[in-house]
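What follows is a single structure, written as structure tokens, with notes after it.
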Amino acid sequence: MELRHLRYFVAIAEHEHIGRAARALHVSSSLLSRQVHQLEKEIGVGLLARVGRRIQLTEAGKVFHQEAREALARIDRAIATAQAASRGEVGRLRIAFVEVKRIAEIIPTAVRQFRARHPQVTLELVPMRLRDQLEAFDAGRIDGLEIDALLTFRADREPPGFDVEPLFTERLELMVARDHALARKKRLTARDLGGVPIIWMPRDGAPFYYDLVRTALNDHGIQPDIVVETTSPIARLSLVASGMGVTFALQSELFRGVVARPVADLRIEFVGVLLSRRRVSPSSPLHTFRDVLVAAAQRNRC
């Protein structure tokens, strides 16, 4: 049985006449009759009955007609969907991201513009901790995460098979409670942090960034007095606001009751990047997502 058998049968059923069906299909009546006879022979039941000049469906033919129409409709949808996918008009993109304010600010604009161009493409946004990303990079498990792109910070390594697109650069600053003594100083240096309680992240949460800050302090002869460790940026800033200590955060990560202060001789910068899969088809909607995200990041810098 081939698709043409189904199409021929459905045409006869709907026209109730072999001649009219043949003209609609641009084939001869004899060819159409032979094909339908082959179909009936193959499935072992009669589908059509001649009543005068009209062709009527048998009971088996009525059931088969409904199923055949649905099957052909599904096949037509599959063809149309495949063709649309080849043009990048349908499908799914899975985008992972680090939950920080600077990245969160550019996502809505990028998503809005992407949806305007690809309304039939499902966009899935997946929060992912930096620790999980780096572990996946190190273990070669990035493919297993089934992501198309990743909004994150540049580390000392990137996964193979991904293009790296810088989005923004932001300085890490000291966050202190508004009524803290350091908040009143016009100029801070690393020496001002000697003996000051610091709230920071555990090293296994993000070893690269943990070491980056600790090394910068050690280079100035400061052994950080870390009193609380937590992987939650909000928890760190909340503890700072309560007066329990100070922390480091991106200058955009403001929090009620907390002020940001640059440390003159500690210049630690984080680079926000988009990692996107390199080997995708030219029609992949990932290209559009990358373009609108980069444009949104550029506008956000202004």
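Side notes on the structure shown:
- Condition broken by I222, with the remaining ones in (1) outside any loop (DSSP other than H, G, I, E, B); (2) open to solvent by less than 30 Å² (accessible area, probe 1.4 Å); (3) farther than 22 Å from V100 by Cβ satisfied: (1)
- Qualifying residues in the range 131-149 (those that are farther than 15 Å from R92 by Cα and outside any helix (DSSP H, G or I)) - the one modelled with the lowest pLDDT: G140
- One residue stands out among those in the range 204-219 that are exposed (fewer than 15 other Cβ atoms within 10 Å of the Cβ) and charged (D, E, K, R): the one that is farthest from Q133 (Cα to Cα), which is D219.
- Meets criteria (polar (S, T, N, Q), open to solvent by less than 10 Å² (accessible area, probe 1.4 Å) and not in a loop (DSSP other than H, G, I, E, B)) for T169: no
- Pair list, Cβ < 6 Å and 6+ apart or interchain, from the range 19-44 residues that are farther than 18 Å from T58 by Cβ and hydrophobic (A, V, I, L, M, F, W, C) to residues that are part of a helix (DSSP H, G or I) and open to solvent by 30 Å² or more (accessible area, probe 1.4 Å): A22/S29
- Highlighted here are the helices (runs of 4 or more DSSP H) found entirely within the range 18-130 that include at least 1 residues which are within 37 Å of the chain's Cα centre (by Cα), of a type in the set (D, E) and at pLDDT below 90: 59-86.
- Selection of the range 237-288 for residues being touching a Leu at 6+ places or on another chain (Cβ under 8 Å) and more than 30 Å from L125 (Cβ to Cβ) yields G245, V246, R261, P262, V263, A264, L266.
- In a residue-by-residue description of the range 151-163, the property of being open to solvent by 40 Å² or more (accessible area, probe 1.4 Å), at pLDDT 85 or above and more than 25 Å from R203 (Cβ to Cβ) applies to at least one position.
Conditions tested, residue by residue: (1) in contact with a Leu (Cβ under 9 Å, 6 or more places away or on another chain); (2) more than 16 Å from E67 (Cβ to Cβ); (3) charged (D, E, K, R).
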position: A13; (1), (2), (3): yes, no, no
position: E16; (1), (2), (3): yes, yes, yes
position: S29; (1), (2), (3): no, yes, no
position: Q35; (1), (2), (3): no, yes, no
position: I43; (1), (2), (3): no, no, no
position: V51; (1), (2), (3): no, yes, no
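- Selection count, the range 15-39, where residues are closer than 12 Å to H5 by Cα and either among the polar types (S, T, N, Q) or in contact with a Ser or Thr (Cβ under 6 Å, 6 or more places away or on another chain) (or both): 3
- The range 258-267: number of residues that are in a loop (DSSP other than H, G, I, E, B) and crowded, with 16+ Cβ neighbours inside 10 Å: 1
- Among (1) surrounded by fewer than 16 Cβ atoms within 10 Å (Cβ to Cβ); (2) under 26 Å from N300 (Cα atoms), the one test that T189 misses: (2)
- Restricting the range 287-302 to residues that are surrounded by fewer than 19 Cβ atoms within 10 Å (Cβ to Cβ) and in contact with a strand residue (DSSP E or B) (Cβ under 8 Å, 6 or more places away or on another chain), the residue that is nearest to A149 (Cα to Cα) is V294.
- Pairs with Cβ under 7 Å, 6+ apart, first in the range 195-218 and free of Cβ contacts under 8 Å to residues at least 24 places away in the same chain, second open to solvent by 10 Å² or more (accessible area, probe 1.4 Å) and outside any helix (DSSP H, G or I): Y210/M201; R214/P224
- Any hit, the range 40-47, residues being open to solvent by 80 Å² or more (accessible area, probe 1.4 Å) and in contact with a Ser or Thr (Cβ under 8 Å, 6 or more places away or on another chain): no
The values are calculated or read from the model by the stated rules, or taken from the named source; none is laboratory data. Here the structure is a predicted model, which means the values were calculated and not measured. All Cβ positions, even for glycine, are placed from backbone atoms using ideal geometry, and neighbour counts span all protein chains on display. Ligands, DNA and RNA are excluded from the accessible area calculation, which covers all protein heavy atoms including side chains. Shrake-Rupley method; radii C 1.70, N 1.55, O 1.52, S 1.80 Å.
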